[in-house]
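Chemist: Have a look at this one before I ask anything.
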Amino acid sequence: MKIIGRIASVFMLVLITSCGGSSEETIRISTPEGLAKAKELMVSSFGPDLEIYKLRLNSAEDLSSDLGTLAISYHKDGKLYTRTYNSKTDYKEAALGEEELQSKNFQSAFFIKNAQGKLKVSDIDVTAIMANIDKAVALVSEEIEVKNYQVRNYYLSVDSKTNKVTADFELHVTKPDNKSVEGRNIVTNFYEVKFSSDEEGNVTIKD
């Protein structure tokens with residue numbers, strides 16, 4: 001049971017209290033439909049022709065696939081920039097942030113050299129993202145019974161020399177009978193599992 005040991009030895013003691021459900025406006029990055037909506041949001045927010053070298057999708061919180069933030073990194077005029085979209089919450093409206101110049105530490109020749117990958121926003125392959133998530137769930141299912149899973153984050157990187165795409169991402173996985181009661185709180189036990197995907201779409205669990 002190699003996978004279970006790797007997960008349980010680190011994460012079996014992670015506990016969170018239960019949280020509310022999603023609204024109709026929510027984009028869920030664990031489904032094909034949600035990823036398609038996320039891409040539509042990227043195109044409308046950043047433009048279809050902007051070439052990026054990194055994409056970061058983060059859910060709003062643990063044990064949730066509701067889109068929280070969507071960030072891109074790109075190279076322009078010899079400098080590195082980032083721009084972030086923040087989803088609507090109970091406390092603030094959705095907002096597209098301004099273009100931000102990355103810190104001086106990331107403007108060195110070394111970082112710029114390794115940030116030359118180019119992928120148009122319109123060419124982001126959400127079908128491949130979903131395929132990687134499905135492969136990841138299948139890997140975990142070989143070792144434990146999966147009741148549910150959520151995509152905590154998905155980070156896509158574009159190679160500076162080949163423009164090939166790789167990814168690192170994290171799933172939160174629950175088994176049946178994962179809830180317990182502590183006082184007035186319902187507590188959920190879950191596994192945090194990190195994965196990587198190579199240029200050919202081969203998915204592996206990270207150490």
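The values are calculated or read from the model by the stated rules, or taken from the named source; none is laboratory data. Since the model is a prediction, treat every value here as computed from it, not as a measurement. Cβ coordinates were reconstructed from backbone atoms using ideal geometry, including for glycine residues, and neighbour counts include every protein chain displayed.
Chemist: Of the residues that make up segment 134-149, is at least one surrounded by 15 or more Cβ atoms within 10 Å (Cβ to Cβ) and touching a His at 6+ places or on another chain (Cβ under 7 Å)?
Modeler: yes
Chemist: Kindly evaluate Lys54 against the criterion of being of a type outside the set (A, V, I, L, M, F, W, C), surrounded by 13 or more Cβ atoms within 10 Å (Cβ to Cβ), under 18 Å from the mean Cα position of the chain (by Cα) and over 24 Å from Thr166 (Cβ atoms).
Modeler: no
Chemist: Hey, another quick one. Can you tell me which residue within segment 108-127, out of those that are surrounded by 14 or more Cβ atoms within 10 Å (Cβ to Cβ) and among the small types (Gly, Ala, Ser), is nearest to Pro48 (Cα to Cα)?
Modeler: The qualifying residue nearest to Pro48 (Cα to Cα) is Gly117.
Chemist: Within segment 155-165, identify whether any single residue is touching a residue at least 12 places away in the same chain (Cβ under 8 Å), polar (S, T, N, Q), farther than 15 Å from Gly117 by Cβ and surrounded by fewer than 19 Cβ atoms within 10 Å (Cβ to Cβ), and answer yes or no.
Modeler: Scanning segment 155-165, I find no residue that is touching a residue at least 12 places away in the same chain (Cβ under 8 Å), polar (S, T, N, Q), farther than 15 Å from Gly117 by Cβ and surrounded by fewer than 19 Cβ atoms within 10 Å (Cβ to Cβ), so the answer is no.
Chemist: Across segment 148-207, what is the total count of residues that are closer than 24 Å to Ala131 by Cβ and in a strand (DSSP E or B)?
Modeler: Total meeting the criteria: 31.
Chemist: Val121 - would you say it is under 21 Å from the mean Cα position of the chain (by Cα) and either more than 30 Å from Lys76 (Cβ to Cβ) or free of Cβ contacts under 8 Å to residues at least 60 places away in the same chain (or both)?
Modeler: On the way: under 21 Å from the mean Cα position of the chain (by Cα): yes; either more than 30 Å from Lys76 (Cβ to Cβ) or free of Cβ contacts under 8 Å to residues at least 60 places away in the same chain (or both): no.
No; evaluated as a whole, the condition is false for this residue.
Chemist: While we're on this one: With respect to the numbered conditions (1) modelled with pLDDT under 95; (2) surrounded by 12 or more Cβ atoms within 10 Å (Cβ to Cβ); (3) more than 15 Å from the chain's Cα centre (by Cα), which one is the sole condition not fulfilled by Glu61?
Modeler: (3)
Chemist: Moving on to the next point. Among the residues of segment 104-136, count how many are among the acidic types (Asp, Glu) and in a helix (DSSP H, G or I).
Modeler: Residues that pass the stated criteria total 2.
Chemist: Which residue out of Ile7, Ile16 is modelled with pLDDT under 95, surrounded by 17 or more Cβ atoms within 10 Å (Cβ to Cβ) and among the aliphatic types (A, V, I, L, M)?
Modeler: None of the other options fit; the residue is Ile7.
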